[in-house]
Amino acid sequence: MVECNLKTNSKGLTFINVNGIDTSEIDYFLYTDPKCEPSKRLIDLPSNVSDHHPISMRIKCNITREQQSRNSEKQKHKIRWNKVDKSRYEETISRNIGDFIERLNSDKVNIEVITLQAMDLLSDTAKQLDQKKTISEHYATRYVDLDTIEKAIKSINKGKAEDVFGISIENVLYAGQQFKLFLHKLINRMFQDRVLPDIIKTGLLSPVFKNKGDKNDAKYYRGITVLPILLKIIEFILRIDLRSGSLKLQSILLKGFTANTSPLNAAIILEEVYREIYGQKLPFYIVLLDAKSAFDVVVLKMLLRKVYISGTDPSSWLLIDEIHKNTESRIKWSTEISEKFSVLQGVKQGGLLSADLYKVYIEDLLNTFENTTSGCEIGETLINAVACADDVAIVSENPHELQYLVNIAAQYSEDHHYLLQPQKSVVIQVQPSNRKKSEDPVRIYINNNAMPISDKSPHLGILRSTTSQKTQDATVEQNITKSRRAAYSLMSAGMHGENGLDPSTAIQLFKTFVQPILTYGLEVILPTSKNLLKLETFQKKILKQILSVPISAPDPSVYIMSGILPIEAQIDQKSLNLFNNICNQNEDHLEKKIARRQLIAKNQESNSWFIAIKRVLFKYDLQSPIVLLNDPPTKYSWKKSVRLAIDHYWKNASIQKSCTYKRAVPINR
């Protein structure tokens, strides 16, 4: 300290022992500057949780700001006098120079200031009249009508969390017509100037636990971002323009997040491959790829280039680009909200554009798959992959072809700067039956890392396994487990029967929160009678508890009192609606090609999903599937026809079954 001319000052004891007593001074500031004030010990600091008292020091200093010379700024471009409107230039100079002449006639004159201002007048006027056009000025302005804004407001789900401004869609929805007119003018002005204020680009991120792993580890949380309502309305408008170009180029392997398609459209293609291979008594292989934080690592420059190439209107492209500039986010934990931090990559989580933008980002990978000859075949239709946003499944009967397809996906991930996780991406070796002995496991590699071989793995909510029957069993068990958890979570709200909510309210809660989980994906796998019995038993047990009837009460009475259909009827209804969705697809869509081929080529004993649907149509005395493919009814008319047919069938079944119970009260026909 002496050699370096360092000094310190005593400020008291700073270390606290285990008994809570100040015992020694072990915290110091060492300094040489005489302008440093003596350090202080901070005792009453509520946020301090260590065994040391913090110390502070103040340093006196002056920070001077260098004045830039007015002449140091470089001229951006030379004035093109052949492009300048010289008459306007003369008019502007003449209008303003009079003030300078009057100031020169006064007694007190600052010649230097007047000269400088006169030179600025000449320079600034010339630059203004020679202003170069920006890129955006070459494109027509996107005008938004009031009807589109009203559709955007109505499309946003109600009952959601408030944004960073404390606003939800209800604030806008019930604000009245005058506010909508203001919003109409505001959005059109933004579109005209092609500038979005940075304040509407701030998201509010809430970490949500994934229900697996350690709650103290951040990697087991999923970030859900709530974007400002105004930005969501703007994204809805831009999504219309984006889809007008991107849908024309969308791969037939890509399903979901598109009008009139859902993730189950991708699931049905994979299901039909299962059933087709089962009929051929051959094994095949599935690779389920897992991209780490796929939406969060999108390279924006690559994305915007792909969006432009897709044919999006240039004015809308500029606004999509503007949305991703100066993006910020805040983290909400309980009631605490963090400071802002910048978001420099990825599409906006929680945004209406996010899924559509990611589809454009991954489009080239699926086009590459389409142009290969590797994979499984149903007739003349090649199926080597199906995708729903970032969920990609690759299928092939040949391990070497499978490795080739995985290599394509791995190379694409490297080129586009996202990571395929070799330990979470799995291989499922599918056998044609339970009896056949499994073949030797295949080894598939991602970037020289061996992928794990799994007996079962989730894909779009369905637990895919090594056989079709095991897939059924695993998915049914999963649905029952999740439904039981959902039902138990509602018991604290009164859905527990006696002394709880009234039956009609409890039944409505069951239909809203439990029934969709119980039957999810079952229209794809079409459970056998054994699994239907498991599902039916669970549903009847819950309904009898809600209705406060004995467990031995006749089954027809439960369904009559609750108005809920048996599980088999619910699955039939959902599967027929899914088939109608396929019928309404374009002829070049993969699932419709498969449907037409299977219905023509397969007999009644076939294991095909479409032949199973044919039997369901016959069961309810509905139209032939070929007729429906050629002349599909509208979604709403078909749903009505199916509902009436199923209600009629199961009403008669309930009447017949009720007659078999000795104590049952006869039902008036």
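What follows is calculated from the coordinates using simple rules that are stated; it is not laboratory data. Fair warning: this is a prediction, and the values are worked out from it, not measured in the lab. Please note: Cβ atoms are built from the backbone with ideal geometry, for glycine as well, and neighbour counts cover all protein chains shown.
A few points about this structure:
- Peptides 467-474, 95-102, 528-535, 272-279 ordered by packing proxy, namely the average of other Cβ atoms within 10 Å per residue, highest first: 272-279, 467-474, 528-535, 95-102.
- Inter-centroid distance (Cα atoms) of the range 563-611 relative to the range 76-99, Å: 73
- Distance from the range 205-244 to the range 361-439 (C-alpha centre basis), Å: 28
- Summary of packing: across the peptides 343-349, 154-160, the per-residue average of other C-beta atoms within 10 Å ranks them, highest first, as 343-349, 154-160.
- Expected 222 nm ellipticity per residue - DSSP helices of 4 or more, -39500 (n - 2.57), all of the chain, to 500: -14500 deg cm²/dmol
- Per-residue ³J(HN,Hα) for the range 534-544, Karplus 6.51 cos²θ - 1.76 cosθ + 1.60, θ = phi - 60°, Hz, x for Gly and Pro: 4, 5, 5, 4, 5, 5, 5, 5, 5, 5, 5
- Residues His589, His52, His400 in ascending order of nearby Cβ atoms (within 10 Å, fewest first): His400, His52, His589.
- Across the range 86-132, the fraction of Cα-Cα pairs farther apart than 13 Å, rounded to a whole number, is 58%.
- Backbone HN-Hα couplings from phi across the range 443-459 [Karplus 6.51/-1.76/1.60, Hz, Gly and Pro as x]: 10, 10, 10, 10, 6, 6, 9, 5, 7, x, 9, 10, 6, 7, 7, x, 9
- Residue order, fewest to most beta carbons within 10 Å, for Met561, Met491: Met491, Met561
- For Glu377, residues with placed amide H under 5 Å, excluding near neighbours: Ile383
- Each peptide among 504-515, 258-269 gets the average number of other Cβ atoms lying within 10 Å of its residues, and from highest to lowest they stand as 258-269, 504-515.
- Sequence-separation-based contact order of the chain, relative, with Cα cut under 8 Å and 6+ spacing, percent: 10
- Sequence-distant residues sharing a close amide H with Ile331 (under 5 Å, placed H): Leu205, Ser338
- Each of Ile600, Ile234 was scored by other Cβ atoms within 10 Å of its Cβ. Arranged with the fewest first, they read Ile600, Ile234.
- Local electrostatic count at Leu576 - Lys and Arg +1, Asp and Glu -1, tallied over other residues with Cβ under 14 Å: +3
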